[in-house]
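None of the figures in this text is laboratory data; all of them are computed from the coordinates on show. All values derive from a computational prediction rather than experimental measurement. So basically every Cβ, Gly included, is an ideal-geometry build from the backbone, and we count neighbours across all protein chains shown.
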Amino acid sequence: MPADRLTPEQLKKWPRGKFLLALTAYDYPMGRILDEAGADLIHVGDSLGMVVLGLPDTTGVTMTDMVRATEAVARGRKRAMISADLPSETYGTPEACVKNSQALLSAGADAVKPEGGREIFPQLEALQKAGIPWIGHLGMLPQKVKSEGGYKRKGKSEAEARQIETEARELESRGACAIVLELVEPEVAARVTEGLSVPTIGIGAGKGTTGQIRVTHDLLGLTPWFKPGFVKEDLGLAEKIGAMVAGIRKIGRGGPG
């Protein structure tokens, strides 16, 4: 392992005030590109269900999908830390959580990420006991999109804000090396961050978190049919690919010669 690779223990002790950059990858080329470009954390997200597999949400992603993607990304990295999502319904018990987490670690992940707070405390305690590094995830939980009826911002009421703050402290006490805050009200996310010693990673949660995570496909503009509101600009690659295809067709000889 390269001496400068970010480890879960180093992530847990991330310096306050230092920006943390996390981006998603699902294959070898992107994993290698992000690693060589200097991403701190490469996350193999179950968002691959939507941006790679064409599923309507993340709930149809399987362990087979995640293990294969994690293996591919791991082949391309040298320095960045890799985290991987535990797919929906793969960590319903502490035993299943540990077993599937071990499969992701064997595939090349350095840490796993389940979603939720108090409802998965037994699973988180099992991960800690097994010595498996993990990242927490509070706020909007994509794996619960069906039961919640959509993607809804969290922390709007004071009661909900207090619950997020309380659960964040509980996650830290159970061994989280970082906590993702998704679609949490910015002022709440900032308060949570201030109250923790481990870093927070925001997505649609304002600028008060330690760092940010983005779905790389969104930033590249590869999914023009879906543009999150917090992605203000993208590289427009879908349009450029379309122009390339049109150019090849115009030449009519199978491509530029």
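Before moving on, here are some points about what is shown:
- Excluding exposed DSSP-loop GluC sites (Glu not before Pro) (at most 15 other C-beta within 10 Å), longest clean stretch of the chain: 90-232
- Principal axis dimensions, region 8-220 - Cα atoms, whole angstrom, descending: 43, 35, 35
- Cross-link pairs beyond the 26 Å C-alpha cut-off, checked among 129/156; 154/227; 12/154; 12/99: 129/156
- Whole-number Å³ per residue for the convex hull built on Cα positions in region 13-85: 97 Å³
- Solvent-free Debye scattering, log10 I(q)/I(0), computed from the Cα coordinates of region 1-124 at q = 0.20 Å⁻¹: -1.14
- q = 0.17 Å⁻¹, region 179-252: log10 I(q)/I(0) [Debye, one scatterer per Cα]: -0.68
- Which of 197, 47, 83 has the fewest Cβ neighbours within 10 Å, and the rest in rising order: 197, 47, 83
- Hull-based mean projected area of region 98-153, where the convex hull spans the alpha carbons, in square nanometres: 4.3 nm²
- Dimensionless Rg ratio for region 101-198, taking C-alpha atoms and the 2.2 N^0.38 Å reference: 1.08
- Helix-only arithmetic for the chain: the sum of -39500 (n - 2.57) across DSSP H runs with n ≥ 4, divided by the residue total, places the mean residue ellipticity at 222 nm at -12000 deg cm²/dmol.
- Antiparallel beta bridges, as assigned by DSSP with both residues in the chain, represent about 5 percent of the total such bridges.
- Cleavage-rule hits, trypsin sites (Lys or Arg not before Pro), region 169-257, DSSP coil, Cβ neighbours within 10 Å at most 11: 207, 232, 253
- By the beta-carbon count within 10 Å of each Cβ, the least crowded to most crowded order of 140, 244, fewest first, is 244, 140.
- Charge dipole of the chain (Cα centre as origin; +1 on each Lys and Arg Cβ, -1 on each Asp and Glu Cβ, all else neutral): 680 debye, rounded to the nearest 20.
- Mean separation of Cα contacts under 8 Å (6+ apart) over length of the chain, as relative contact order %: 17 percent
- Cross-link partners of residue 113 among aspartates and glutamates (Cα-Cα below 12 Å; sequence separation of 8 or more within a chain): 46, 85
- Within the chain, longest stretch clear of exposed chymotrypsin sites (Phe, Trp or Tyr not before Pro) (DSSP loop, no more than 16 other Cβ within 10 Å): 20-150
- When region 72-133 is described by a simple charge dipole with +1 on each Lys and Arg Cβ and -1 on each Asp and Glu Cβ, the residue from 88, 131, 74 located farthest towards its positive end is 74.
- Taking label positions 7 Å along the Cα-Cβ direction at both residue 78 and residue 27, the computed distance is 2.3 nm, reported to one decimal.
- Highest mobility in the GNM of the chain, judged by mean-square fluctuation with C-alpha springs under 10 Å and restricted to 55, 20, 138, is found for 55.
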